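Each reported figure results from applying straightforward, stated rules to the coordinates on display, with no laboratory input. The model shown is predicted, which means the values in this text are computed figures rather than measured ones. A quick note on method: Cβ atoms are made from the backbone with ideal geometry, for glycine too, and the neighbour counts reach across all protein chains shown.
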Amino acid sequence: MDSEIKEEIPVHEEFILCCGVETQVLKCGPWTDLFNDQSANRPKLLIFVITGNPGFSAAYVPFVKALYSSVNKRFPVWVISHAGHALAPKDKKILTTSDDPNAQEVKDIYGLCGQVEHKLAFLRTHVPKEMKLVLIGHSIGCYISLQILKLAPELPGLARWCSG
């Protein structure tokens, strides 16, 4: 029965251009655009999962569905791939953000420091400043989460839970 409930939970897949690189983002819940949702139902918190290697977001779908269900579907749960670890299918549109101040390419985007900058650029561009964040990192995603905490103290309400 529990698996039946999780099957009903919507997961939206997007491919975005972040720092000049295709990036897969899986969004659990009805919120796909946090900036343009001005409704009273707009969440005040985002649970953001940063994958371990090899950065394959789809492997985290059962986890994000269970997590979304455990917070009573009140907050979106997003999982981001590592830069360059997921390519969009040929029929899938890659979304771009015209007002992306982080659109510049990051030096060594595929290296560890570049992956940290990639996640920071995504958060700064796609998550409103007033939204609280819970970062969940798995393996190297935990290290990236800790670097985000150190490098971006302006991101509000950061909390963390890391698993090795």
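Separation of the alpha carbons by more than 23 angstrom is noted, of Lys92/Lys150; Lys90/Lys132; Lys65/Lys119, for Lys92/Lys150; Lys90/Lys132.
Each Cα pair under 8 Å and six or more residues apart adds its sequence gap; the mean of these over the residue count of the range 30-136 is a relative contact order of 39 percent. Prolate is the label for the range 7-55. Its Cα gyration tensor axes, ordered a ≥ b ≥ c, give a/c of at least 1.5 and a/b above b/c. Here the Karplus curve 6.51 cos²θ - 1.76 cosθ + 1.60, taken at θ = phi - 60°, turns the phi angles of the range 15-23 into couplings of 10, 10, 9, 10, 6, x, 10, 4, 9 Hz, with x standing for Gly and Pro. If R0 is 30 Å, the Cβ-Cβ spacing of Ser70 and Leu149 corresponds to a FRET efficiency of close to 0.80. Approximating the spin labels as points 7 Å out from Cα along Cα→Cβ, the Leu112-to-Lys90 distance works out to 3.8 nm. Between the amide H of Val49 and those of Trp78, Val79, Ile80, Ile136, distances stay under 5 Å, these residues lying 5 or more places away or on another chain, with hydrogens modeled in the peptide plane. Which ³J(HN,Hα) values, rounded to whole Hz and listed in residue order, are derived for the range 126-142 from phi using the Karplus coefficients 6.51, -1.76 and 1.60 in 6.51 cos²θ - 1.76 cosθ + 1.60 with θ = phi - 60°, glycine and proline given as x? Along the range 126-142, the couplings run 10, 10, x, 4, 7, 7, 6, 10, 10, 9, 10, x, 10, 6, 5, x, 5 Hz. Extension gain, Arg124-Lys44: 0.36 nm per intervening residue step, less the Cα-Cα distance, totals 27.2 nm.
Can you grab the distance from the C-alpha centre of the range 27-71 to the C-alpha centre of the range 111-128, Å, no decimals? For the range 27-71 versus the range 111-128, the Cα centre distance is 16 Å.
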